[in-house]
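Structure first, then comments.
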Amino acid sequence: MTATNQYLEYRNFLRKLAWSYNKTTGMPYEELFSEATVGYTIAMNTYSPEKKVPIINWIALCIKSRLNNFLRENRNNIPTTFLDEEMAENIPAPDEYEAKESLEQIMEILPADAREICQMIIDGSDVYGSMNGRKVKGEIRRELRRKGWAHNRIWKAFDEIKAVLK
């Protein structure tokens, strides 16, 4: 089998890996496919059948290694979805009065247990402000367990909050 035929046989595999990395990193597909092709070339030049490793495994290893090195070298060039300054200027500032009124309306709708959880979050905003949502939920759950709440009561209150916010 010629080198061209071998490349054609594995080209779709290279494309699949490049698209996979494109979807997860946002790097341009063309650059990733180019790097995958270099990785394929390295794999074909270094493959040794004596090691009894299936060639596809060796190709995948070399390509993924090449793509990961490429991403590491270009980590500053990975596209971001952050707003640029011009876009940020066009976003209207939230009306504090409307936000407070909306929060009060939501709190009125919530059942007592759900309202208590929301109040804990509001009162502990200095503590919870630096945490992600999952961690806040865990901390609230632990605090409620210390107060003697049952697990099903806690989860029911969280579900009620979700339902009102949808």
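The values are calculated or read from the model by the stated rules, or taken from the named source; none is laboratory data. Since this is a predicted model, take the numbers as computed values, not measurements. Cβ sites come from the backbone with ideal geometry, for glycine too, and all protein chains shown count toward neighbours.
Evaluate the following for GLU50: is it under 29 Å from the mean Cα position of the chain (by Cα), at pLDDT 85 or above and not in a loop (DSSP other than H, G, I, E, B)?
Working: under 29 Å from the mean Cα position of the chain (by Cα): no; at pLDDT 85 or above: yes; not in a loop (DSSP other than H, G, I, E, B): yes.
So GLU50 fails the test.
Looking only at the range 62-82, count every residue that is outside any helix (DSSP H, G or I) and either at pLDDT below 60 or touching a Gly at 6+ places or on another chain (Cβ under 8 Å) (or both) and tell me the total.
First pass over the range 62-82, keeping only residues outside any helix (DSSP H, G or I): 74, 78-82.
Now narrow it down to the ones that are either at pLDDT below 60 or touching a Gly at 6+ places or on another chain (Cβ under 8 Å) (or both): 78-82.
Of the residues in that region, 5 qualify.
May I ask you to verify whether GLU85 is at pLDDT below 90, farther than 28 Å from THR2 by Cα, under 25 Å from the mean Cα position of the chain (by Cα) and not assigned by TED's automatic domain parsing to the domain that holds TYR7? Step through it out loud before you land on a result.
Values: at pLDDT below 90: yes; farther than 28 Å from THR2 by Cα: yes; under 25 Å from the mean Cα position of the chain (by Cα): yes; not assigned by TED's automatic domain parsing to the domain that holds TYR7: yes.
Judged against the criteria, GLU85 is a match.
Mind checking which residues of the range 3-46 are outside any helix (DSSP H, G or I) and either of a type in the set (Lys, Arg) or surrounded by 14 or more Cβ atoms within 10 Å (Cβ to Cβ) (or both)?
Hit for the range 3-46 is MET27, nothing else.
List the pairs whose first member sits in the range 139-166 and is not basic (Lys, Arg), whose second member is not in a helix (DSSP H, G or I), and whose Cβ atoms are under 8 Å apart, counting only residues at least 6 apart or on separate chains?
GLU139/MET131; ALA157/PRO111; GLU160/LEU110; GLU160/PRO111; ILE161/LEU110; VAL164/LEU110
Only residues in the range 49-61 that are closer than 15 Å to GLU9 by Cβ count as the first member; pair them with residues that are part of a helix (DSSP H, G or I) and of a type in the set (Val, Ile, Thr), Cβ under 9 angstrom, at least 6 apart or cross-chain, and list the lot.
TRP58/THR46
Of all residues in the range 110-137 being surrounded by fewer than 12 Cβ atoms within 10 Å (Cβ to Cβ) and either closer than 21 Å to VAL164 by Cβ or in contact with a Lys or Arg (Cβ under 8 Å, 6 or more places away or on another chain) (or both), which is modelled with the highest pLDDT?
Here the residue is ALA112.
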